[in-house]
Amino acid sequence: MNSREKGKRGERELARKLREYGHDCRRGQQYCGGNGDADVVGLRGLHIEVKRVEALNIHKAVNQAIGDAKAGEIPVVMHRKNGEKWLVTMTLDDFMEIWKCQK
């Protein structure tokens, strides 16, 4: 399977998982292609970069999410390896921005 198809499959898989949590999520580029959306859309305020790979340069992925995020969006990378659970990576500053809303 080529990496582009694996990427699309990972985006669909994550969107499906987020829908299981009750969020109306979908692939960001499934309708228009190349529209500048995040890989998965539907979680308000987040720019989601999806990585479905065995070896991930997490700093490169986070920097990509930061560079692609629009003003007001918190960039996150949601990633997983085969046989593992989904993980979420973001900067500590962004995590604390979300966490302060919990006080």
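The values are calculated or read from the model by the stated rules, or taken from the named source; none is laboratory data. Keep in mind that this is a model prediction, so the values were computed, not measured. For neighbour counting, all protein chains shown are included, and Cβ atoms are generated from backbone atoms with ideal geometry for every residue, glycine included.
State yes or no: is ARG44 charged (D, E, K, R) and at pLDDT below 95? Don't jump to the end; show me each part of the working.
Details: charged (D, E, K, R): yes; at pLDDT below 95: yes.
Against the criterion (charged (D, E, K, R) and at pLDDT below 95), ARG44 qualifies.
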Worksheet item: Which residue pairs have Cβ atoms under 6 Å apart, sit 6 or more places apart or on different chains, and have a first residue in segment 71-99 that is within 16 Å of ARG44 (Cα to Cα) and a second that is of a type in the set (Gly, Ala, Ser) and assigned to a helix (DSSP H, G or I)?
Response: PRO75/ALA65; VAL77/ALA61; VAL77/ALA65
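So which residues in segment 47-59 are free of Cβ contacts under 8 Å to residues at least 12 places away in the same chain and surrounded by 11 or more Cβ atoms within 10 Å (Cβ to Cβ), if there are any at all? Spell out how you get there, then give the answer.
The first filter runs over segment 47-59 and keeps only residues free of Cβ contacts under 8 Å to residues at least 12 places away in the same chain, leaving 55, 57, 59.
The answer is ASN57, and nothing else.
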Worksheet entry | Filtered residues of segment 49-103 (kept if of a type in the set (D, E, K, R) and closer than 17 Å to GLY28 by Cβ) | GLU49, LYS51, ARG52, ASP68, LYS70, GLU73
Item to complete: Examine segment 52-60 for a residue that is among the hydrophobic types (A, V, I, L, M, F, W, C), at pLDDT 95 or above, within 16 Å of GLU5 (Cα to Cα) and in contact with a strand residue (DSSP E or B) (Cβ under 6 Å, 6 or more places away or on another chain), and state whether such a residue exists.
Response: no
Worksheet item: Looking at (1) surrounded by 14 or more Cβ atoms within 10 Å (Cβ to Cβ); (2) touching a residue at least 40 places away in the same chain (Cβ under 8 Å), which is the only condition ARG9 fails?
Response: (1)
